[in-house]
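Accompanying notes for the structure given below.
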Amino acid sequence: MMLTGKKVVVVGGSSGIGLSTAELAKAEGAEVVIASRNADRLNAAAAKLGVTAIPADVTSDESVAGLFRTCGPVDHVVVTAAQLKTGPFKTVAMEDVRGTLEGKLWGAWRVARSADIRPGGSLTLVSGYLSIRPRPNSAIIAVANGALESLTRALALELAPVRVNCVSPGIIDTPIRAAMPEAARLDMLAKTAASLPVGRVGEGEDIARQIFAFMTIGFATGSIVYLDGGGLVT
Ligand SMILES: NC(=O)c1ccc[n+]([C@@H]2O[C@H](COP(=O)([O-])OP(=O)(O)OC[C@H]3O[C@@H](n4cnc5c(N)ncnc54)[C@H](OP(=O)(O)O)[C@@H]3O)[C@@H](O)[C@H]2O)c1
């Protein structure tokens, strides 16, 4: 077990990639804290994994500061929290554009400022393939992801000896698309799987294993790993 004696905080740990990361860190011996907004979902996930739950909202300076005051010094921090609202560039509501950045970009920024990470520990951010393979109607997500990748490189210098890395997932089957009509969601996942060299979409655990690698490879900092089943080369 490679994380025995380490304290790991997963912000966004109640669902999807964050939940898989929390599960893997716990299995590797870490003391794990998960944080997100919906207390019922958070507590249910924490009880199932046997980890600690601390409600927090990354869009609030005070909430994020309070989370890390409660946690104290930690070894590894992972930010998967995001709620994305997008639409056609010319008409998408500016409220949705700002809200997307407030969570995904400024949320990660707040976490990076507030977390007290021990020397040699790590911060892992999660961007996404749209930063370099944009699609229509998703400019704000491309922008948020690109900014997170730039932030990763900048913080790898400024926060050293804390290590800062980023994983950029392709299409991963998580609850992030729960609002889509089920038939459309399944159709999109099947078409994506068929288009990829690996013949499937990703699972939360695929990305969790990369995040675990960032935690445990002491030579990794300023790295951005694109993990997408070959999506960027098709
Ligand atoms: N799944 C994909 O295909 C994919 C592809 C590329 C990139 N990504 C990126 O990977 C990351 C994780 O995605 P996922 O698929 O694991 O999503 P998910 O299953 O929807 O999980 C998102 C988590 O973030 C929490 N969260 C959302 N807004 C929050 C806020 N303001 N404060 C605190 N917690 C918040 C959610 O809980 P509450 O709602 O209860 O707060 C939940 O625990 C995101 O940055 C996403 O953009 C995902």
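The values are calculated or read from the model by the stated rules, or taken from the named source; none is laboratory data. Remember, predicted model here, so these are calculated numbers, not experimental data. Heads up, the Cβs are rebuilt from the backbone with ideal geometry, glycines too, and the neighbour counts pull from every protein chain shown.
Residues that are away from the ligand (no atom under 13 Å from the Cβ) and of a type in the set (S, T, N, Q): does region 21-32 have at least one? No, region 21-32 contains no residue that is away from the ligand (no atom under 13 Å from the Cβ) and of a type in the set (S, T, N, Q). Working only within region 33-43, note down all residues that are surrounded by fewer than 22 Cβ atoms within 10 Å (Cβ to Cβ) and either touching a residue at least 12 places away in the same chain (Cβ under 8 Å) or more than 11 Å from the ligand (Cβ to nearest atom) (or both). Scanning region 33-43 gives ARG37, ASN38, ALA39, ARG41, LEU42. Only one of the listed residues (ALA154, ALA147) is away from the ligand (no atom under 11 Å from the Cβ), buried (at least 16 other Cβ atoms within 10 Å of the Cβ) and either basic (Lys, Arg) or in a helix (DSSP H, G or I) (or both). That residue is ALA147.
Looking at GLY18, GLY50 in this structure, which one is within 11 Å of the ligand (Cβ to nearest atom) and out of contact with any Leu (no Cβ under 7 Å at 6 or more places or on another chain)? Break it down into steps so the answer makes sense when it comes.
Values: GLY50 fails: within 11 Å of the ligand (Cβ to nearest atom).
The conditions single out GLY18.
Filtering PRO73, PRO55 for residues that are within 11 Å of the ligand (Cβ to nearest atom) and not aliphatic (A, V, I, L, M) leaves a single hit, PRO55. For TYR129, the conditions (1) within 11 Å of the ligand (Cβ to nearest atom); (2) hydroxyl-bearing (Ser, Thr, Tyr); (3) without any contact (Cβ under 8 Å) to a residue 12 or more places away in the chain are fulfilled apart from (3).
The residue list ASN165, ASN137 contains one member that is crowded, with 17+ Cβ neighbours inside 10 Å, away from the ligand (no atom under 12 Å from the Cβ) and not in a helix (DSSP H, G or I), which is ASN165.
Residue-wise test of (1) modelled with pLDDT of 95 or more; (2) assigned to a helix (DSSP H, G or I); (3) more than 12 Å from the ligand (Cβ to nearest atom).
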position: MET188; (1), (2), (3): yes, yes, no
position: LYS191; (1), (2), (3): yes, yes, yes
position: ALA194; (1), (2), (3): yes, yes, yes
position: ARG200; (1), (2), (3): yes, no, yes
position: GLU205; (1), (2), (3): yes, yes, no
position: ALA213; (1), (2), (3): yes, yes, yes
position: PHE219; (1), (2), (3): yes, no, yes
position: GLY229; (1), (2), (3): yes, no, no
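The sole residue among SER223, SER168 that is hydroxyl-bearing (Ser, Thr, Tyr) and within 14 Å of the chain's Cα centre (by Cα) is SER168. TRP109 satisfies every condition listed in (1) farther than 28 Å from SER138 by Cα; (2) outside any strand (DSSP E or B) except (1).
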